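What follows draws every value from the coordinates through simple rules; no lab data is involved. Every value quoted in this text rests on a predicted model; they were computed, and no experiment measured them. Every residue, glycine among them, receives a Cβ derived from its backbone with ideal geometry; neighbour counts consider all protein chains shown.
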Amino acid sequence: MTEIWQWIHELLPWFDGIVASIAIILIKAIALVMPLMLVVAYFTYAERKIIGYMQLRIGPNRVGPKGWLQPIADALKLMTKEIIFPSKANIYLFLLAPVLAIAPAITIWAVIPFDEGIYVANLDISLLYVLAIGSVGVYGIILAGWASNSKYPLLGALRSASLMVSYEIVIGFALITVVMIAGSVNLNDIVMAQKGGLLNWYFIPLFPMMIIFLISALVETNRAPFDVVEGESEIVGGTHVEYSGMAFAVFFLAEYANMIFMAVLAVILFFGGWHSPFEGISYLEAGFAWVPGIIWLLAKSSFFMFLYLWVRATLPRFRYDQIMRLSWKVFLPWTIVWIFVVALMTQFKIGPWF
Amino acid sequence: MTFDQILFYVFSFWFIVASLAMIFSRNAAKAVLFLILSFFSAAGIWILLEAEFLAIILILVYVGAVMVLFLFVIKMLNIDKSTLRARFTGYLPLGLIVAVIIVFEMAMVLGYNQFGLDVVVAPVKHTADYSNITILALQLYTDYIYSFELAAVLLLIAIIAAITLVHRKRINCKNQSIVDQIKVQAKDRVRLVSISSKNKENK
């Protein structure tokens, strides 16, 4: 690494100080965002294909071999489509809304540790950063609903705003239990605290919190069965009704980037992050030692990404008041009870987690 | 000028611009958006001061929750500007007096002679392992534990008071019992009856 640095330094003497650090941050950001966008594109393909098979259909199979080029064709189609502005809409806010949706969805990835030492930024308070940036994402939807000056988007935005605010509280409480066990709000430290085999992962002591987190993640990302924000059968297409072309595609990208993020976050918080599940089992650990941690992280998160699609193909949509009841009357009491349970477990040092 | 100073002036510039724009904008929704921008700039300045926990909480609580509810209310309101301006001249003298008093008081407390490096010592830069959140937690849960708990109880009372003011049992109104709805079984709703069909032969 140092040789590469010297070589760069000799080649470009001015490449130093602030310029160099900004350039490195930019390179890191690109190295993160480009694969992310590719995963988003192929996640939409996977969604159509998997739900297709679950419903005894084939799914997209026309573009390229087995339909592998379908997402690229979709992207080209969306880019060449016209963006239609509603005549009474507030143009600035109408265009600002998709930007406000995608910006937090990408910024939030900055603190995710993919492997030991592989991250864009190692913040001391990365879990709080995740919560804060995640809560900003709702503005895209609210503004889209308000700026469209149309009734269905407005209804969708109102539903979204109230759902997001309620479920952020639930997610916050669920994450407090993780912080209590790990003793840190740094995602790196949280993963390191789960080192040493399957039994040290937090999904065992925090099993109810894990379930609550996974369900709340569905609400936060507006996915079925909680997709009342879009609710095709009720409010046409919710906040996206007036959007077309690339403006719509940006919302789409943001939603899928958020879904993948929630899957990765679930793995980091409850399923040992980049640690191999075979740690501590002598033969298997040695046999799988060559697998880099990032592969484990991605493999585990793919399962949760699959879970999103599975749930979507299985369950019918919830009614709005039932989602609200679930948050305030079921999840919130459960999380508060479990905070006390975890406090007791920490006090009396039960299990290998503390 | 160091990089920190450049960042400080950028954040301060947007803080002041956004605050002014918030006051002068006529559209309530735009005013809320400018307020959000000013919150973000304030959070940036706090991070420069190594108060990263407060900065994140500012975004989490104010931008993520309070401002969402502000926008929520603004969308539901039907603001009629003519009724707002109707008694403008009537309220003007009183408003002016209050405004002058507030400006005077703020000038007393926040005047130029209260700040500057000769009045307030420049904050010392901490090392990289300095954790703002640990220091804050130690202070809150040891030295200020009573005031912290009192504030928490006060907020709880405020929540209970607000709910009791709004929450009342409605009469003459159809209610759904969600517990009963969830508990319902197929045999409560569907009755299968076997009816003997008589003339099977002639279809």
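Summary table
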item	result
Links that overshoot a 29 Å alpha carbon limit, given the list A:LYS49/A:LYS300; A:LYS329/B:LYS169; A:LYS77/B:LYS75	A:LYS77/B:LYS75
Residues A:TRP328, B:TRP46, A:TRP146, sorted so that the one with the fewest Cβ neighbours within 10 Å comes first	A:TRP328, B:TRP46, A:TRP146
Distance from the stretch A:60-103 to the stretch A:229-265 (C-alpha centre basis), Å	11 Å
Rel. contact order, % - alpha carbon contacts under 8 angstrom, at least six apart, the stretch A:85-348	25 percent
Per residue Cα convex hull volume in Å³ - calculated over chain B	395 Å³
Cα gyration tensor category, rounded, prolate or oblate, for the stretch B:130-173 with a/c compared to 1.5	prolate
For chain A, with +1 on Lys and Arg beta carbons and -1 on Asp and Glu, the positive-most of A:PHE306, A:PRO316, A:LEU131 along the dipole	A:PRO316
For the stretch A:313-354 and the stretch B:36-58, distance of Cα centres in Å	30 Å
Relative contact order computed over the stretch A:88-208 (Cα-Cα under 8 Å; 6+ residues apart), in percent	27 percent
Overall form of the stretch B:13-82 per C-alpha gyration tensor (a/c, 1.5; a/b vs b/c)	oblate
MRE, 222 nm, helices only [DSSP H, n ≥ 4, -39500 (n - 2.57), over chain A, to nearest 500]	-21500 deg cm²/dmol
Two-decimal ratio, the protein assembly as shown, of alpha-carbon radius of gyration to 2.2 N^0.38 Å	1.12
For the stretch B:164-175, Karplus couplings with θ = phi - 60° (6.51, -1.76, 1.60), whole Hz, Gly/Pro x	5, 5, 8, 7, 8, 6, 8, 9, 6, 9, 7, 10
Debye-sum result for the stretch A:85-348 in log10 I(q)/I(0), which assumes one identical scatterer on each alpha carbon, at q = 0.07, 0.08, 0.17 Å⁻¹	-0.26, -0.34, -1.31
Relative exposure of B:PHE148, A:PHE348, A:PHE248, A:PHE213, judged by other C-beta atoms within 10 Å (fewest first)	A:PHE348, B:PHE148, A:PHE248, A:PHE213
Karplus (6.51, -1.76, 1.60) ³J(HN,Hα), θ = phi - 60°, over the stretch A:249-262, in Hz, Gly and Pro reported as x	4, 5, 4, 4, 4, 4, 4, 6, 4, 5, 4, 4, 4, 4
Shielding by partners, peptide B:56-68 (average Cβ within 10 angstrom, other chains)	6
Residues A:ILE91, A:ILE125, A:ILE211, A:ILE181 arranged by fewest to most Cβ contacts within 10 Å	A:ILE91, A:ILE211, A:ILE181, A:ILE125
Value at 222 nm in deg cm²/dmol, rounded to 500, when DSSP H runs of n ≥ 4 in chain B each add -39,500 (n - 2.57)	-19500 deg cm²/dmol
Rotationally averaged projected area of the stretch A:160-237 (alpha carbon convex hull; nm²)	6.1 nm²
